[in-house]
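Student: Quick one: this structure, given as structure tokens, is what I'll be asking you about.
The values are calculated or read from the model by the stated rules, or taken from the named source; none is laboratory data. What you see is a predicted model, and the numbers here were worked out from it, not measured in a lab. Every residue, glycine as well, gets a Cβ built from its backbone with ideal geometry; the counts of neighbours run over all protein chains shown.
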Amino acid sequence: MLSPERHSRILQALIEVPAVRVAELADLLGVSDMTVRRDIELLDEQHLLKKIHGGASRLDVLSSIEPGFASKAVQQLEAKQQIAQAAARLIENGMTIALGAGTTTVQLASQLAQFEKLTVITNSIKAAQALYHSNPGNAAVVITGGERTPSEALVGPLSVAAIESLNVDLCFLGVHGIHPRGLSSPNLPEAQTNAAFIEASSKLVVLADHSKFGLRALATFAPLEQVSILVTDAGISETTLETYRPLLNEMMVA
């Protein structure tokens, strides 16, 4: 059994139970205890699980604490810019696109001046501002209503109702966490709004730097199989690529 398959099986086991022993995994995978220990060490280094004495446990990053936009904007900035540039290549003139909230989608908004006759639907206050400054007159911008969050998103029933009546070619979403169990957000209304965006869209493109892999926040809003394309940066490790490529339809490394 090749290492990517072993890693996927180990992570799947931790979805079913909170912790597993090395001996149990060795029996399950048909390999030696030493091989399992090496696999656990690699997955621990990539923040996909937690190495414990005699085995591994789930990585319990189930945060309901939502950081503010300003604190997130300076994190992994170069990676986010590279991701935005790669994601922009998926857009064509005349498309209707959706931009979810987040610092990476704001970077994408600043890339849209090159396009004509776009219709952009967003629940991000910062993305709407970036569009106004970078692309005045070239894009029709529709801002959903809703309650403002610390990440400068508009969420809740008003936002969901507005999105449900629309049809979108491409939806670009940022995420707090990417885990084999799905995409997640620490904000329940924002998770519901993201789910509405996905339902209204023909294709979902997720923009996520390498630090998001292995994390789980409070609310999961979509399984990985719903992602048409995931765009990440070159900081992602080979082990993480091997783990997630079989779980996703397509991955782009900017």
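Student: Does the range 129-169 hold any residues that are among the hydrophobic types (A, V, I, L, M, F, W, C), over 21 Å from the mean Cα position of the chain (by Cα) and assigned to a strand (DSSP E or B), and which are they?
Tutor: Of everything in the range 129-169, those that are among the hydrophobic types (A, V, I, L, M, F, W, C), over 21 Å from the mean Cα position of the chain (by Cα) and assigned to a strand (DSSP E or B) turn out to be Ala139, Ala140, Val141, Val142, Ile143.
Student: Taking Leu59 as meeting all but one of (1) closer than 19 Å to Ile236 by Cβ; (2) within 19 Å of the chain's Cα centre (by Cα); (3) at pLDDT 75 or above; (4) not polar (S, T, N, Q), write down the number of the exception.
Tutor: (3)
Student: Take the range 214-246 and flag every residue that is among the aliphatic types (A, V, I, L, M), farther than 15 Å from Gly177 by Cα and either in contact with a His (Cβ under 6 Å, 6 or more places away or on another chain) or not in a loop (DSSP other than H, G, I, E, B) (or both).
Tutor: If the condition is that a residue be among the aliphatic types (A, V, I, L, M), farther than 15 Å from Gly177 by Cα and either in contact with a His (Cβ under 6 Å, 6 or more places away or on another chain) or not in a loop (DSSP other than H, G, I, E, B) (or both), then Ile229, Leu241 are the ones that fit.
Student: Quick one: Val155 ticks every box in (1) buried (at least 18 other Cβ atoms within 10 Å of the Cβ); (2) closer than 18 Å to Ser202 by Cα except a single one, so which number is it?
Tutor: Going through the list (1) buried (at least 18 other Cβ atoms within 10 Å of the Cβ); (2) closer than 18 Å to Ser202 by Cα, Val155 breaks only (2).
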